[in-house]
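Worksheet: the structure to be examined is printed underneath.
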Number of protein chains: 2
Amino acid sequence: MANQGNASEVQAAIEAADEVFMAAFSRGDAAALADLYTEKGQLLPTGSDVVAGKEAIQNFWQGAMDMGINSARLETIEVEGHGDTAIEQGKYTLRGEPGNVLDRGKYIVIWKQQAGQWKLHRDIWNSSLSPQGD
Amino acid sequence: MANQGNASEVQAAIEAADEVFMAAFSRGDAAALADLYTEKGQLLPTGSDVVAGKEAIQNFWQGAMDMGINSARLETIEVEGHGDTAIEQGKYTLRGEPGNVLDRGKYIVIWKQQAGQWKLHRDIWNSSLSPQGD
């Protein structure tokens, strides 16, 4: 499709957006994180219903930071572009002080391009750690 | 886009595919479930790494059935069609004997239309129950 764009260009744009996400997380800026989502953005976290809208998203990430999560590393595995929509699959690692891994897992993010900027629209993830923590 | 199709048609097709999934689950047919995925289909379950390919997918669902899950109810919330790809968001309920709810949560499935048939390509979900089980 003409407007699907170059696949590697879309992937590079998503990876750049992930870098912005990681930087905001590392400096503990939950408001900046929330700003990376669309107005109708949703988190789908384990252990709760859907978290919808920027204010709720900001509160969620603030809560994660308050629990001691200092950094979120995102590693893109694959990106599919469909016009103004992109589907990203990746792996995450959450770390606390002093760099210990608190969780690692996988995610799918549905991105929407709005005014030239890629924003997270749906963000679902889960832990790959077994309940025994290995 | 010309090939994006009618949004409600795509949603109806995905809901019909979900019905086939639920029927296969209810009769305990893990092989039929696995057949509903693409050749490169992946499950992204909580507590394990990615489960890739039909044989592994069949084994995963057989394991869930052996653990006492008798039915999986899927409730579509929204579907976006992008040509041969569709993004579905929904809610699930897993039940055992005698109909008690073992888990409920939310999911995103990336579907691919192949030879006119919609198949699950990526399937990620997580529980909405709190760790305390409420």
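Rg and Dmax of the stretch A:8-76, both derived from C-alpha coordinates alone, stand at 12.2, 36 Å. Amide hydrogen proximity for residue A:71: with H placed 1.01 Å from N in the peptide plane, the residues at 5 or more positions away or on another chain lying under 5 Å are A:95.
Karplus-based coupling profile of the stretch A:47-52, in residue order and whole Hz: x, 8, 6, 4, 9, 10, with θ = phi - 60° in 6.51 cos²θ - 1.76 cosθ + 1.60 and x standing for Gly or Pro.
Placing +1 on the Cβ of every Lys and Arg and -1 on the Cβ of every Asp and Glu, with nothing else charged, gives the stretch B:42-134 a dipole about its Cα centre of roughly 100 debye.
Other residues lying with their Cβ under 14 Å from the Cβ of residue B:33 contribute a combined charge of -4, Lys and Arg counting +1, Asp and Glu -1.
Charge dipole (Cα centre; +1 on Lys/Arg Cβ, -1 on Asp/Glu Cβ; no other charges) of the protein assembly as shown amounts to roughly 140 debye.
Close amide H partners of residue B:83, meaning residues 5 or more places away or on another chain with modelled amide H under 5 Å apart, are B:4. Placing a label point 7 Å from the Cα of residue A:104 along the Cα-to-Cβ direction, the distances to the matching points in the other copies come to 3.5 nm, shortest first.
Shielding by partners for peptide A:77-84, expressed as the average number of C-beta atoms from other protein chains within 10 Å of each residue's C-beta, is 3. Checking the a/c ratio against 1.5 first, then a/b against b/c, what shape does the Cα gyration tensor give for the stretch A:67-130? The shape class here is prolate. Taking a ≥ b ≥ c as the square roots of the eigenvalues of the alpha-carbon gyration tensor, the protein assembly as shown is classed oblate because a/c is 1.5 or more while a/b is no larger than b/c. For the stretch A:76-92, the Karplus equation 6.51 cos²θ - 1.76 cosθ + 1.60, evaluated at θ = phi - 60°, returns couplings of 5, 9, 7, 10, 10, x, 9, x, 7, 10, 9, 10, 10, 10, x, 10, 10 Hz by residue, with Gly and Pro reported as x. Other residues within the sphere of radius under 9 Å centred on the Cβ of residue A:76, judged by their own Cβ, net out at -4 (K and R +1, D and E -1).
What whole-number value in cubic angstrom gives the convex hull volume per residue for the C-alpha atoms of chain A?
It comes to 107 Å³ per residue, whole-number rounded.
Distance from the Cα centroid of the stretch B:76-116 to that of the stretch A:63-134 is 20 Å (rounded to whole angstrom).
Cross-link partners for residue B:54 among the lysines, with Cα-Cα distance under 30 Å and sequence neighbours closer than 8 places in the same chain left out: A:91, A:106, B:40, B:91, B:106, B:112, B:119. For the protein assembly as shown, adding -39500 (n - 2.57) for each run of n ≥ 4 DSSP H residues and dividing by the number of residues yields -9000 deg cm²/dmol at 222 nm. For peptide A:42-49, the mean count of partner chain Cβ atoms within 10 Å of a residue's Cβ comes to 6. Considering only A:31, B:56, A:96, and ranking their Cα positions along the charge dipole of the protein assembly as shown that arises from unit charges at the beta-carbon of Lys, Arg, Asp and Glu, the one farthest toward the positive end is A:96.
For peptide A:106-116, the mean count of partner chain Cβ atoms within 10 Å of a residue's Cβ comes to 2.
Computed from backbone phi, the HN-Hα couplings of the stretch A:93-101 come to 9, 9, 10, x, 7, x, x, 6, 6 Hz, rounded to whole numbers (Karplus: 6.51 cos²θ - 1.76 cosθ + 1.60, θ = phi - 60°; Gly and Pro given as x).
None of the figures in this text is laboratory data; all of them are computed from the coordinates on show. Note that the coordinates shown come from a computational prediction; the quantities given were computed from them, not determined experimentally. Methodologically, a virtual Cβ is constructed for each residue, glycine included, from the backbone with ideal geometry; neighbour enumeration extends over all protein chains shown.
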